[in-house]
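Computed from the coordinates by the stated procedures, all read-outs in this text should not be read as laboratory data. Please read these numbers as outputs of a predicted model, since none were measured by experiment. Every residue, glycine as well, gets a Cβ built from its backbone with ideal geometry; the counts of neighbours run over all protein chains shown.
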Amino acid sequence: MKSFGPYRITGELGRGAMGMVYRAVDPRLDRTVALKVLDVTLPKDQAAEYAARLRQEAKSAARLSHPNVITVFEFGENEGHPYLVLEYVGGGSLQQRLDSKGPLPIDKVIRLAKQLFMGLAYAHKHGVVHRDIKPANLLFDERGYLKIADFGVAQLPTSDLTRTGALVGSPRHMAPEQVQGRKLDGRADIFAAGVVLYEALTGIAPFDADHVAAIVYKILFESPKSIKELRPDAPPWLINVVERCLAKTPEQRFADADKARQALEQGPHSSVPVAKAAAVGQAIPLWGWLLGFILVAATSWALTAWLLSEADKAASPAAPVSSVVPPAMDSRGGTGSVSPPREVIDTATSYDSVPRYRQPPSPQRREPRDK
């Protein structure tokens, strides 16, 4: 495709479940932009949902004007294709940097954290909870300034996409209350920011597993590996900030993103208490363990049922290729639909087309041979 409406296509930036993102030029203003175009070959109900999310992204970002939040220029439809025109950011994503170079230097982690918390504080003050903070949605411009992108599942006070009981986001970066489908506030984004900073420091995900159900269980009940062990040069005060962001309960995290930024500004003079809730199995009531078991069992059941259903479809010659839509939610950081116990809204976007880095697999246990 060489053109789309008034825009001249100059390259492809990425692709995902929703469609394509192109680098384009607006000849009317002689401005380079990012053009996100919805894939109209999707099933009707899925296309309608993604179109609503594209509109949601436009509405969310339109409420915000901040150096650390990506700018939306236009939302519209061209020959049946819904599209979104965004500020072009040419420095790549944090995901790409982690994949290519591994953990960031300490000074760059601190700089990243300050800018991330500034952008989140601004969004939260304007009633926007992102709900999908992850490395693939954190972009950099040519000068290295952070831009928070992809507000497609953001929570707004009047949003039709804001529903208690809906599981929205990317599993590896969900807060415990988000996994449980509870009502969220800005502290869910602070937890996700803590996951991002843990990844930036160590190069691995704090809650990682081969199956979504196992990731959910770890988020609810387990603590990640010690940052100090994985990154000995990390200053204790910075580790304390990250660990407080990762507290299991919202009340034990920073009250807001401004408080987290202030702790970073104070540096070695910061007196951030380490959240006690991070301890494995500490003070988890019986109902908590029961809920975790139900979530793991239900998610495993749903995934098994989906695989059997898709196997039947694949075996049928009458089934069109476009009707077989794989779940976007996987253990590598994407999302998708898992039910019961609750709906999962797919957040795999064109920004999330870069393959995930993963922890090395555990060595296989060998059974002794019979003599």
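Points worth noting:
- Taking θ as phi - 60° and the Karplus parameters 6.51, -1.76 and 1.60, the scalar couplings of the range 218-232 work out to 5, 4, 6, 10, 10, 9, x, 4, 4, 5, 4, 6, 7, 9, x Hz in sequence order, x denoting glycine and proline.
- Under 5 Å, built H, 5+ apart or other chain: amide partners of Phe4: Ile9
- Sequence-distant residues sharing a close amide H with Val33 (under 5 Å, placed H): Ala24, Val25, Asp26
- Once backbone amide H atoms are built at 1.01 Å from N, Gly16 has Ser350 as its partners under 5 Å, excluding neighbours fewer than 5 places away on the same chain.
- Each residue of the range 186-195 is assigned a 3J(HN,Hα), and the resulting list reads x, 5, 5, 5, 5, 4, 4, 4, x, 4 Hz, derived from the Karplus form 6.51 cos²θ - 1.76 cosθ + 1.60 (θ = phi - 60°), x at Gly and Pro.
- Annotation: the residues Glu199, Glu243, Glu251, sorted from fewest to most other C-beta atoms within 10 Å of their own C-beta, follow the order Glu251, Glu243, Glu199.
- Each residue in Thr32, Thr71 was given a count of other beta-carbon atoms within 10 angstrom of its own, and listing them fewest first yields Thr32, Thr71.
- The modelled label-to-label distance between Glu222 and Leu29, using points 7 Å beyond Cα along the C-beta direction, is 4.7 nm.
- Evaluating 6.51 cos²θ - 1.76 cosθ + 1.60 at θ = phi - 60° for every residue in the range 141-154, the Karplus couplings come out as 8, 5, 8, x, 7, 6, 10, 7, 10, 6, 9, x, 10, 4 Hz, glycine and proline recorded as x.
- Among Lys59, Lys259, the order by Cβ neighbours within 10 angstrom, fewest to most, reads Lys259, Lys59.
- Average projection area in nm² (convex hull over Cα atoms of the range 3-87, one quarter of hull surface): 5.6
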